[in-house]
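**Q** I have a structure here, written as C-alpha cells, and I will follow up with some questions on it.
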Amino acid sequence: MQFANPQEARDFLERHPEVRSIELMLIDANGIPRGKLLHRDELLAIYENGRPLPSSILSLTIQGEDVEASGLVWEVADADCWTYPLPGSLTLQPWRNVPTGQLQVSMHPTQGLPATPGDPRHVLVRTIDALKADGYHPVMAVELEFYLLDKQRDANGCPQPAVQMNGVRPQAPQVYGVYELEQMQPFLDDLYAACEAQGLPVRTAISEYAPGQLELTLEHRFDALQAIDEGVRYKRLVKGVANKHGLQACFMAKPFGDLAGSGMHMHVSLADPDGNNLMASEDPHGTPLLKHAIGGMMATLNDALAIFCPNANSFRRFQANSYAPLAKSWGVNNRTVSFRVPGGPAKSRHVEHRICGADANPYLAAAAILSGIRHGIKNQIDPGEEIIGNGYEQARETLPTDWLTALRNLENSSWAREALGEDFLKVFLAIKWAEYRQFMGEVGEQDWRWYLNHA
C-alpha cells in the first residue's frame, strides 16, 4: 500500500493559504465517505504520523449504525486505527461556500488493525497485485448514471426530477437530448469545473433514458486503482455540486419504479507491463484471453451479485427492455447483454460489465470483476455462444432477482472467500445481513426512502 509524501501537504498549504478546513474521508463497505472536517493546522501531521479513526467506522450500515457482528465494535473496544493519506487525493472542494480541501485516507496495513481487513480499497489492491503477478495489468474506466432531483418532494412525498432552466420539470425520457443538456448547463458547467480542479478525467455528458437522468463518462486508466479512486471521488463531487445548486444527485439503482434504473458500467481490458492491450484483435470478438475473461465473470456472477447489487432496491433495476441485463450473457456491440464487447478499433478491444447498479461500491465491484477475470483465465473458461440480437428474448440462465438469494450465494461461495478475503467477507456480510433484517423487519419491502439519501 503506497501512501502520500508529506511534501504534498506542505505544497498544498503553501498554494492555498485561503483554505481553513479539510474534509478527511475514508470509504466504507457501502461506498459511503466517512470521516471528519479538520483544521488546516492538522493536515501535515496526518501525512507524517497518520490519523486515527475508530475501528467501528468500517462496520457501519448504510444508515450509519454499528454492526456488532462485524467484530469491529465492542469486542475490539472500538479501537483507534491509523489511516494515512492516498497520493494525489489532496485537492479542493470547489462547491463549498468557503475554501475547503479534501483528502482521502486508507487504513495502514498494520497500524490500522483490527480495522484494516474491513477497508474495501485493500480488497481491490490485493486483486490488482494478484493479476499483475500473473503478468496482466488491468485497465479500467467507470461510467455512473444518476438522477438530478429536487430537494423538495412532490405532493405525495416522492422524489421528482429537478426543474430545468426553462422552468419546466421534465416528464419525457428524451434520451440523448442535447436541449435537455443545455437546460442543465449551470450544473454541468460547475461539475466540469470542479472535475478539472480535482484532476478527474470527466468526458462526455449524456441525457440518459429518463427525465432528469444523466451519465458522464470517465477516461480509462492504465492504472486500474487510479480509475476506481477517481470514480469514488467523482461520486462525492457530483453530490457536492448538486447540493450547491439546491439539488440532490441520486445514485440509487431504481429510484422510480416506472423509469430507467441507474447503473455503474465498468470497462475493463488487460495490458502487458508496457501498456499493450492483450485483448486487442481485428476480430470484434477479441482474443481468446478476452473470451476467458468473460467466461470467468459469467462463472462467478451469481456469487458476486450481492457485491454488484448490494441493496434490496438494486434488484428492481433488472427489468426486460430496460437497458439493464437479465441473464448470464455476452455479445459484441449489444446493449441487451451483461457483458458487452463494444465496437471500435482493434487496440480498444475490451469488455463492458453492465451488471452493477450505481449504488455498488466501486472498489468492491472492481475487485469482484477482476477476480472473476483471473478465475476465467486460470481455468480457461469458455463463455459459450454470444447473443446476437435481442438478449431479453434469448435469456437462458437468468440472474437471481432478490437480495436474499444473492446474500446467501455470496455467503456460501468459496470463490468469494478467496477473492475478497475471508476477513473482509465476514465484515461485509455482517453489515449486509444487519441491513437486510432491518429493512425487511422495520421498513417494508416497498419503501424507497430507506436508500434515497445514502446511494
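**Q** Looking for whichever is touching a Leu at 6+ places or on another chain (Cβ under 7 Å), open to solvent by less than 40 Å² (accessible area, probe 1.4 Å), over 28 Å from Arg236 (Cα atoms) and in contact (Cβ under 8 Å) with a residue 40 or more places away in the chain here; the options are Ala358, Ala306, Ala271. Which one fits?
**A** Ala271
**Q** Which numbered condition in (1) buried (at least 21 other Cβ atoms within 10 Å of the Cβ); (2) among the aliphatic types (A, V, I, L, M); (3) at pLDDT 95 or above is the only one that Ala253 fails?
**A** Every listed condition holds for Ala253 apart from (3).
**Q** If Arg349 satisfies every condition in (1) in contact with a strand residue (DSSP E or B) (Cβ under 6 Å, 6 or more places away or on another chain); (2) basic (Lys, Arg); (3) open to solvent by less than 30 Å² (accessible area, probe 1.4 Å) but one, which is the exception?
**A** (1)
**Q** Something else now. Does Val125 satisfy the condition of being open to solvent by 20 Å² or more (accessible area, probe 1.4 Å), over 14 Å from Ile373 (Cα atoms) and at pLDDT 95 or above?
**A** For Val125, the condition - open to solvent by 20 Å² or more (accessible area, probe 1.4 Å), over 14 Å from Ile373 (Cα atoms) and at pLDDT 95 or above - is met.
**Q** Return the total of residues in region 220-249 being farther than 23 Å from Pro120 by Cβ and surrounded by fewer than 19 Cβ atoms within 10 Å (Cβ to Cβ).
**A** Residues in region 220-249 being farther than 23 Å from Pro120 by Cβ and surrounded by fewer than 19 Cβ atoms within 10 Å (Cβ to Cβ): 4 in total.
**Q** In addition: What helices (runs of 4 or more DSSP H), lying completely within region 395-455, carry at least 3 residues that are of a type in the set (Phe, Trp, Tyr) and either modelled with pLDDT of 85 or more or touching a strand residue (DSSP E or B) at 6+ places or on another chain (Cβ under 6 Å) (or both)?
**A** Where helices (runs of 4 or more DSSP H) fall fully within region 395-455 and carry at least 3 residues being of a type in the set (Phe, Trp, Tyr) and either modelled with pLDDT of 85 or more or touching a strand residue (DSSP E or B) at 6+ places or on another chain (Cβ under 6 Å) (or both), they are 422-438.
**Q** Which members of region 1-59 meet the condition of being of a type in the set (Ser, Thr, Tyr) and outside any loop (DSSP other than H, G, I, E, B)?
**A** Passing the criteria: Ser21, Tyr47, Ser55, Ser56.
**Q** Among (1) in contact with a helix residue (DSSP H, G or I) (Cβ under 6 Å, 6 or more places away or on another chain); (2) open to solvent by less than 30 Å² (accessible area, probe 1.4 Å); (3) at pLDDT 95 or above, there is one condition Asn313 misses while meeting the rest; what is its number?
**A** (3)
**Q** Could you run through region 362-405 and say how many residues are surrounded by fewer than 15 Cβ atoms within 10 Å (Cβ to Cβ) and in contact with a Leu (Cβ under 7 Å, 6 or more places away or on another chain)?
**A** Selection size over region 362-405: 1.
The values are calculated or read from the model by the stated rules, or taken from the named source; none is laboratory data. A quick note: this is a predicted structure, and the numbers were derived from the prediction, not measured. Cβ sites come from the backbone with ideal geometry, for glycine too, and all protein chains shown count toward neighbours. Note: accessible area is taken over every heavy atom of the protein model, side chains too, but ligands, DNA and RNA are not part of it. Shrake-Rupley method; radii C 1.70, N 1.55, O 1.52, S 1.80 Å.
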